[in-house]
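Peer 1: I am attaching a structure below and will ask some questions about it afterwards.
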Amino acid sequence: MTVRPILTAPDPRLQAVSTDVEAVTDEIRQLADDMADSMYEADGIGLAAVQIGVAKRILVIDLDQKEGKKNPVAYINPRIVWASDEVAVFEEGCLSVPEIWDDVERPARIKCEYLDRDGKAQLLEADGLLATCLQHEMDHLNGVLFIDHLSRLKKSMAIRKLTKAKKLAAV
Ligand code: K1U
Ligand code: ZN
């Protein structure tokens, strides 16, 4: 088990645009396993590789964490190929934006292509929390945080709070 530290905003590394994985190797599977360990340790339901400082297009998500049962799913090179016109609003949080939660509106349903941990191409239709979580994590791959979807005022308040928390933690 390898838990890696999760970057928190404001950190320029979170703005990186992640690059495609060229081949799903043992090294990539090990990275996905480390991401899952880091996500569980932080009590999250999802994590993008860039959040542990690796700018590769990999996500892990586990929405079924019950009674210690773990079922992390790795999504490699995920791509939205269809999004509904219908939208849904979910209250979002982020392990890289600690202690801030707010409503974000996104397409309610999406179809997503990705490679699984065996390198096999998959097509998934998602709705509800999975659709929200996939879109939130795919934003990370493009250097976008959920606070970028908020009003200018809310985003600047959030950044001020995060900057202050970092300064306090450094003393
Ligand atoms: O940091 C991340 O990208 C993961 C993030 C995923 C997410 C959550 C909610 C809506 C959209 C995307 C999280 O896991 S935040 C933590 C969290 O969801 C949670 C923590 C403790 C208890 C219950 C939920
Ligand atoms: Zn996040």
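What follows is calculated from the coordinates using simple rules that are stated; it is not laboratory data. Because the structure is a prediction, the values reported are computed rather than measured. Reconstructed Cβ throughout: ideal geometry from the backbone, glycine too, with neighbour counts over all protein chains shown.
Peer 1: Would you work out which of 110, 53, 84 lies farthest towards the positive end of the dipole of the stretch 12-170, given +1 charges on the beta-carbon of Lys and Arg and -1 on that of Asp and Glu, about the Cα centre?
Peer 2: Result: 53, furthest along the dipole toward the positive end.
Peer 1: Can you give the extra length, in nm with one decimal, that the chain gains between residue 2 and residue 161 once fully stretched, where that is 0.36 nm per residue apart less the Cα-Cα distance?
Peer 2: 54.3 nm
Peer 1: If you filter the stretch 83-146 for GluC sites (Glu not before Pro), then keep DSSP loop positions with at most 13 other Cβ within 10 Å, what is left?
Peer 2: Answer by residue number: 86, 99.
Peer 1: Within the stretch 1-72, report the GluC sites (Glu not before Pro) that DSSP leaves as loop and that have at most 11 other Cβ atoms within 10 Å.
Peer 2: Passing sites in the stretch 1-72 are 22, 67.
Peer 1: What net charge do the residues around residue 122 carry, taking every other residue with its C-beta under 12 Å from that of residue 122, with Lys and Arg at +1 and Asp and Glu at -1?
Peer 2: Taking every Cβ under 12 Å from that of residue 122, the sum is 0.
Peer 1: Hey, another quick one. With a sphere of radius 13 Å drawn around the Cβ of residue 165, what net charge do the other residues whose Cβ falls strictly inside it have (Lys, Arg +1; Asp, Glu -1)?
Peer 2: +3
Peer 1: Work out the length of the dipole vector of the stretch 12-170 about its Cα centre, built from +1 on the beta-carbon of each Lys and Arg and -1 on the beta-carbon of each Asp and Glu, and round it to the nearest 20 debye.
Peer 2: Its charge dipole is roughly 780 debye.
Peer 1: Near residue 110, within a Cβ-to-Cβ distance under 15 Å, what is the net charge of the other residues, with Lys and Arg +1 and Asp and Glu -1?
Peer 2: Every neighbour counted, the sum reads -4.
Peer 1: Extension gain residue 63-residue 144, at 0.36 nm per residue separation less the Cα-Cα distance, in nm?
Peer 2: On the way: separation 81, 0.36 × 81 = 29.16 nm, distance 2.17 nm.
My answer for the length gained is 27.0 nm.
Peer 1: Another question, if that's okay. P(r) of the stretch 12-170 in 10 Å steps, Cα pairs, percent per bin?
Peer 2: Final binned percentages: 11, 39, 37, 12, 1.
Peer 1: Name the residues of the stretch 91-130 whose amide N is less than 15 Å from a point 7 angstrom out from the Cα of residue 43 along the C-beta direction?
Peer 2: Only 93-101 pass the distance filter.
Peer 1: In addition: Pull out the extension gain between residue 125 and residue 151, defined as 0.36 nm times the separation in residues minus the alpha carbon to alpha carbon distance; nm, one decimal.
Peer 2: Gain on extension, residue 125 to residue 151, equals 6.4 nm.
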